[in-house]
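This report concerns only the one structure given below.
Each reported figure results from applying straightforward, stated rules to the coordinates on display, with no laboratory input. Since the model is a prediction, treat every value here as computed from it, not as a measurement. A quick note on method: Cβ atoms are made from the backbone with ideal geometry, for glycine too, and the neighbour counts reach across all protein chains shown.
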Amino acid sequence: MEKSFQEKLFSTVESEKDNLFSLIQKLVQIKSYSGEEKEIVEFIVAKMGEFGFDEAYHDAFGNAIGRIGNGPIKIMFDAHIDTVKVTETEHWAHPPFAGEIVDGKLYGRGAVDEKPAMAGFMITGKVLKQVYGDNFPFTLYVVGSALEEDADGYPLYHIIANEGIKPDYVVLGEPTDLKVYRGQRGRMELKITATGKSAHGAHNHKGINAIYKMMPIVAEIEKLDKKLKPKQPLGKGSITVSQIISKAPSTCSVSDFSQIHLDRRMTIGENKNSVVKELKAIIKKCKSDAKVSIPNVEGTSWKGTNFVQEAYFPTWVYDEKHPLVDAAMKTSKAAMGKAKSGVWSFSTNGVATAGHFGIPTIGFAPAKEELSHSSKEELVLNDLLKATKFYSLFPFELVNRIER
Ligand SMILES: [Zn+2]
């Protein structure tokens, strides 16, 4: 990348600093719980229009979508703009929706997860239009996705499957503390159901107790969790019994139904087939006829659009040598003088783009993942400025890297 062009981009970002900081403050002030994103989506779409985006609208699901340019390489910047709720037990030193700024830090719900990236992406669009104008060598889609906290992956799945936008590369705005993140563990939910035969408690020998049938399976699952092996860079998967329910005709009867709910985190090499196979082997070992199933996640967006998806969110990770990761590392060096890669512990919209569709995906954003969903959410404003320099340069670096 030509030094003078890079400097022009960065100095234009610097000149937008006050706009950037007041934009992130405003985004935090607009409460946007999952499923209640109407106000923030309409605000974002209107702002994108003001900033000169070539197109800005909300789609059938309720995601905000903006477009810059019309070039051959399609890049998607995605930041979910919903947040988890503030609960009564949380203690906030700064009110969660005031957007207070103290000593260069902004506080509030969404100040980490993940409104900063949205502000950075929007200002990037404004800067690109100012500095480059038209005839971009790429098409940049800026997405403010809705309902991610309830349905990770689904908002982008919707855009790709139903809205006719298929990006070649994706950058996620989940918090990475200014590192280039290149993967995450996958996750899935499962149920195991055992049935028995009910009988009066006074004649229990006539029944088959479904709870007793489930007990050895639960014990084997506890052992399995300890046996799972780590695979770097994602570490080890896990399996957790999150719920157990049972039924009986009365509390004086033999239980004829029991069911456990499982949370499974998957590392490299673990997927839906291997996880189900592992559980079937346990059931066989226990000489049981219990059944394994994968539940659905269902919901409704703020636009009233219903969705159903299987509770399976595939693992994904890219090598440091992958052109997308490599371009991001170069961009980071140019924007901040350093570059480091990493992976997320939690799940992101990458389960759809990378996990489901195989579209190369990375993440880059300010703030620390471990502060997400807590009353300690805080953003160092200068880190957002650095991230915005990264966002503005990245599409050009990527195009250069691919065309090399
Ligand atoms: Zn998030």
_segment 186-297: relative contact order as a whole-number percent, Cα under 8 Å and 6+ apart_ = 39 percent
*Using the alpha-carbon atoms, what tilt in degrees (0 to 90, nearest 10) does helix 115-131 show relative to the longest principal axis of the chain?*
30 degrees
*Rounded, prolate or oblate: pick one for segment 110-157, where a ≥ b ≥ c are the square roots of the eigenvalues of its C-alpha gyration tensor, a/c under 1.5 means rounded, and failing that, prolate if a/b is larger than b/c, else oblate.*
oblate
*Just subtract the alpha-carbon distance of S22 and K291 from 0.36 nm times their residue separation and send over the number in nm, one decimal.*
91.4 nm
*In straight Cα distance, which aspartates and glutamates are under 20 Å from K179, not counting same-chain residues fewer than 8 positions off?*
D78, D113, E114, D319, E320, D326, E369, E370, E377, E378, D383, E397
*Go ahead and run the numbers for FRET between A161 and A202, Cβ-Cβ distance against an R0 of 56 Å, rounding to 0.05.*
0.50
*Among K272/K368; K191/K368; K3/K74; K26/K333; K206/K227; K31/K340, which pairs are too far apart, with a Cα-Cα distance over 27 Å?*
K272/K368; K191/K368; K26/K333; K206/K227; K31/K340
_Estimated [θ] at 222 nm from DSSP helical runs (n ≥ 4, -39500 (n - 2.57)) normalised by residues in the chain, nearest 500_ = -11000 deg cm²/dmol
*Relative to the first principal axis of the alpha-carbon coordinates of the chain, what is the inclination of helix 38-50, with its axis defined by its Cα atoms, in degrees from 0 to 90 and to the nearest 10?*
20 degrees
*Using only Cα atoms, find the angle between the long axis of helix 17-29 and the longest principal axis of the chain, and express it within 0 to 90 degrees, rounded to the nearest 10.*
30 degrees
*Using the alpha-carbon centroid of each, what span in Å lies between segment 309-330 and segment 97-151?*
21 Å
*Inter-centroid distance (Cα atoms) of segment 163-215 relative to segment 238-308, Å*: 5 Å
*Mean separation of Cα pairs under 8 Å and 6+ residues apart, divided by the residue count of segment 249-399: what relative contact order is that in percent?*
19 percent
*11 Å reach of a label modelled at E220, 7 Å along Cα-to-Cβ, counting backbone N of segment 197-214*: 214
*Using Cα pairs under 8 angstrom and six or more residues apart, how large is the relative contact order of the chain, in percent?*
25 percent
*Show which aspartates and glutamates lie in cross-link reach of K284 when reach means a straight Cα distance below 19 angstrom and same-chain residues fewer than eight apart are skipped.*
E220, E222, D225
